[in-house]
Amino acid sequence: MVLVKYPTNANLTTAALTAASATVEAATFCRPDYTSLWQTLSDLAKTAIDRGDADQGAVLWLFADACSMRLKPDDRAEPFIPVTGPGARRSALPNDWSNEERAFLAQAYLQITHPVLRARLADLAWHIAKPRHSDYALAAIDAYRQIPITWDRWLADGRECWARAIQFALMLGQAGESVLGEMESELGDAFFATGVDDARLPLWIAELVNRQSILRDHRTAVAEHLAALADEHAAAGDPRLAQDLLLMAEAIYRGDRDEERSQDMTVKVAELSVVQANWPPGDGESPSAITASHFLEEAYQRLRRLPTEYRGRHGLEQRLKQIESWLAAANQASVQEMVTVETEDIDITEPMREAESAMSGLGTVEAVFKLAAISRAPSKANIESRARQLMREFPMQWLFGSTHLSMDGRVVGKRAPASLDEDDDNALWVAMLQDYLTEVGIITQMRVLPALQTLRREHRLRLGDFINLARRCPLVPNGREEQVGRGLLAGYQGDYATAIHLLVPQLEHMVRIALQTAGYNTQKIGDDGVQSEKGLGSLAAFSATAELLGEDRAFELKALFCEPVGPNLRNMVAHGLLDDEVAGSVYSLYAWWWVLRLVVGGFGGHQAEVARSKYY
């Protein structure tokens, strides 16, 4: 795909570069971030072309294209990704440029003094030039470091820029040691100077510290500062941010093998969930029971996952029983808050527009919760009822047996002719599966996809955002937050193949740990006496799984991930059978959304609907 936005007779000359550099220096940008530079440089390029200066316009267009890309510092091979829009449109990528344009941009940074533009051009020079030279990386580092370490600047793209600078310094090895030490000092000074007014800035810096090999001698102090800030935010009435800070401190302590303080942070996070539950209600109070159920479930799951020895030493067993009794009462009260909503048949285009409208104009956090709750999940009871009705109304199609083949021609299931004299569970299951997959396709195309596209257009989410979301979920085991976060990010970016390969194994582990925590044995012993873990298909068949997840989610776990006649995503991934077509199908997108919904809402029951009850 070649993007040409300037006249074909334009020349990339030194004189045009000098003129364009002067234009950039004289320009006023509404914000000092790459999105603003992209928009302003595009306008400047059009103005230059309109007045007949095609050469300068061509240079400014290239500058605009360079700024249109988003930086993905965790990907060393492909650190630049395009901005996507409706109709499969996207912004530029380095591969879109001709050899002449790439050679021109590789040297252009030398004449640019604007730090944000200079950093991008030097970074691109490193990325596209052959051979690479350390001067490119050092120039990019120097320019990136000029981006201030402030909340508003890091909210835009400052954290990616600093992460990229650190990555460069690490890649350079000995040549980058000096500048890496200077950046560590700058980040450390900025971090320990943060207070309540700096909002999420200390969290972002700490995430960078935890992912990169920096501030190694100060990790404990970083965690202590996060915990102190969390106490201040909790006292100021912001328990959600306080929890995020505590979870980051917990991750740092755990990474340093300080289990005691790591578990102390977990207790604090759980207690803040109890605070947000606002349950039991006091005199004159009428809190939402559904919301209370969600937060009490969070608290209960976190405390229950703590080692028994730690719980006993800190007297938490009684607290667990108290929270469990509150949770039961809140769940019972939740039933009274629910209402039945019925609608007439409608055209699919209207729900799509409604989904887009529902997502538009929201804050980032609210938008993620809205996406997770954009549609109710299929109901097993409703699916079974429709399947039975179908079998009664059209009995002939069930009188003949069927053989089900996988995409590579293997026989993966057989159904004998249905019995006319008694219920046929096998035929009923096939009918339910067919109904379910039809509903999955409708939900995905009618609600999930348009909502996700709106989220992509209006919000820029990073890896750290999804890791933090996973870290907040008590169902995600310790040490699995980054893998779950990467899987969620991949789906957000439209890479469903990567999302499925990352998330499906983690989903299986989440279910296994939840069953183990509840006291169920998830292992089997072979004839040779060797113990091994049961697969997701076996776990999904447990009656305890339906108790933990709820009947509807347990049904979906089997139908979507484990059923050979269905998408069978778990086994397709585990055995390398997932091809490009299935990886890009509505089932993969729906599975990604299913896991997002699980991470946001928790297991089963009323907790799984809390986001929808609050935001839909």
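Can you check how the C-alpha radius of gyration of the chain compares to 2.2 N^0.38 Å, as a plain ratio?
On the way: Rg = 27.3 Å, N = 616, 2.2 N^0.38 = 25.3 Å.
Its radius of gyration relative to the 2.2 N^0.38 Å reference: 1.08.
Just the number, please: carbon plus sulfur as a percent of the accessible area of the chain, 1.4 Å probe, no ligands or DNA/RNA counted.
50
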> Which lysines does Lys321 reach when only Cα atoms under 18 Å apart count, and residues fewer than 8 places away in its own chain are ignored?
Replying inline: Lys268
> Which angle between 0 and 90 degrees, to the nearest 10, do you get for helix 239-255 versus the longest principal axis of the chain when only C-alpha atoms count?
Replying inline: 90
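Over the chain, average the accessible area per residue using a 1.4 Å probe and give it in Å², no decimals.
Working: 27530 Å² over 616 residues.
Heavy-atom SASA per residue in the chain reads 45 Å².
Among rounded, prolate and oblate, which fits segment 37-100 when a ≥ b ≥ c are the square roots of the eigenvalues of its C-alpha gyration tensor, a/c under 1.5 means rounded, and a/b larger than b/c means prolate?
Values: a/c = 2.29, a/b = 1.82, b/c = 1.26.
Since a/c reaches 1.5 and a/b is larger than b/c, the shape of segment 37-100 is classed as prolate.
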> Among Thr349, Asn568, Ala92, whose Cα lies farthest out toward the positive end of the dipole of the chain, if unit charges sit on the beta carbon of Lys, Arg (+1) and Asp, Glu (-1)?
Replying inline: Ala92
> What are the lysines whose alpha-carbon lies under 27 Å from the alpha-carbon of Lys380, with same-chain residues fewer than 8 places away excluded?
Replying inline: Lys370, Lys414, Lys534, Lys558, Lys614
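Could you calculate the FRET efficiency of Gln493 with Arg89 from 1/(1 + (r/R0)^6), where r is the beta carbon distance between them and R0 is 22 Å, rounded to 0.05? Mind dumping the intermediate values first?
Values: r = 16 Å, r/R0 = 0.71.
So, using R0 = 22 Å, E works out to roughly 0.90.
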> If the cut-off is 23 Å between C-alpha atoms, which lysines fall inside it for Lys72, apart from same-chain ones fewer than 8 positions away?
Replying inline: Lys130
> Which order do peptides 105-115, 574-584, 227-237 fall in by mean Cβ count within 10 Å, highest first?
Replying inline: 105-115, 227-237, 574-584
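The values are calculated or read from the model by the stated rules, or taken from the named source; none is laboratory data. Everything quoted here is computed from the prediction, not taken from an experiment. Methodologically, a virtual Cβ is constructed for each residue, glycine included, from the backbone with ideal geometry; neighbour enumeration extends over all protein chains shown. Note: accessible area is taken over every heavy atom of the protein model, side chains too, but ligands, DNA and RNA are not part of it. Shrake-Rupley method; radii C 1.70, N 1.55, O 1.52, S 1.80 Å.
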